Each structure stands twice: as C-alpha cells, then as structure tokens.
1. Hey, any hits in segment 111-126 for a residue that's of a type outside the set (D, E, K, R), modelled with pLDDT of 80 or more, over 20 Å from the mean Cα position of the chain (by Cα) and not assigned by TED's automatic domain parsing to the domain that holds residue 50?
2. Can you tell me which residue within segment 1-42, out of those that are modelled with pLDDT under 90 and small (Gly, Ala, Ser), is nearest to the chain's Cα centre (by Cα)?
3. Please identify the pairs in which a residue from segment 1-12 that is within 14 Å of residue 27 (Cα to Cα) has its Cβ atom under 7 Å from the Cβ atom of a residue that is of a type in the set (Ser, Thr, Tyr), counting only partners at least 6 apart or on another chain.
4. Could you pull out the residue among 63, 78 that is at pLDDT below 80 and small (Gly, Ala, Ser)?
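The values are calculated or read from the model by the stated rules, or taken from the named source; none is laboratory data. Computed from a predicted model, the values in this text were never measured in an experiment. Heads up, the Cβs are rebuilt from the backbone with ideal geometry, glycines too, and the neighbour counts pull from every protein chain shown.
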Amino acid sequence: LKSLYDLTSGKLYGLALRVLDRHEWAEDALQETFLQIWRTAPDYRAALSPPMAWMGLIVRSRSLDLLRRRKAEREHLSDDIDDDGLADRLEGDTPDPLHTSLASQQAWALHQCLTRLENKQREVVSLAYLRDLSHGELAEQLKLPLGTVKTWIRRGLDQLRVCMARFA
C-alpha cells in the first residue's frame, strides 16, 4: 500500500483539492480514499477501468461526501448560533448540494462512458488526462507510434463526448 500511495497520492490529492478547494479537507479525503482502496481492492476489476481511473472515482466520491458532511455541519452550526450573521460568514464558496449532486452524477456518467471504450482507448485517454501525460510521453511509455496514440485519444474523446451527451 505504501508503494501505491507513493505513486498515486500526488495526482489523487490534486483531484481532491480541485473538488474541495481546501488543503486540509483534501488531506482528509485522500486518507479516506486510501482506506476505501485498501478495503475494496479485492473487488477491483481491471477489465472495467484502469487502476488510476478507479482510484480517481473513489477520491472524487470521498471528496463529494466530505463536502456534504461539511455542509451539514455548517447548517447544524447555523441553527445553534444566534442570527448575528456569523453563519453567513462561515458559508464560504463551498458548492451547494445541487452542484455536488450534479458533479457526482457526472462522475458516474463518465465512468459508465469510459467502460464503453475499447481497452487501449480507455488506457490512453485515462493516462493522458489522469496522469497528465503528453501524447509523446504516452507513445514512448506504451511503445506505440505517436500517430496511433493521437488517433486513439481523438476517437476516445469523440466517443466520450457522444456518450456523455446522452447523460446530459
């Protein structure tokens, strides 16, 4: 688990930070993510998605769960505080439940669409966007011609665009 953590924690932390926009919350979400990865690793099926995509969905789900919990805590706190405007100052820029729900639905839809791609297309699209690798780096890492990698990414993104439009 330490090796997995060392290899993936930076990317997963970055994803959590993008969702939560707070370092301490992103750290909490990352911790919960690795606990869930540890518990659910025996259930992981490589045929459905690459490992990084699977872990990315877990960190996104844990981050959204954390947002919901924090929102509920703030609402509970605001019920206990006199109406002196403190609750409004604590509100911050955290997304509302509708935004959180929509983001969760979009993550589910993306996962569904990714599973419909051919294995190699799913792999190159996931590597390109989850690991932020350039087309050249992908071609070198996968030992494939650059043109092939570019074609697979373009076709994969086209298929994802069509599939995601059905969920919109």
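1. No, because not a single residue in segment 111-126 is of a type outside the set (D, E, K, R), modelled with pLDDT of 80 or more, over 20 Å from the mean Cα position of the chain (by Cα) and not assigned by TED's automatic domain parsing to the domain that holds residue 50.
2. Checked segment 1-42; the qualifying residue nearest to the chain's Cα centre (by Cα) is 41.
3. Taking only residues 6 or more apart or on different chains, the pairs are 12/33.
4. 78
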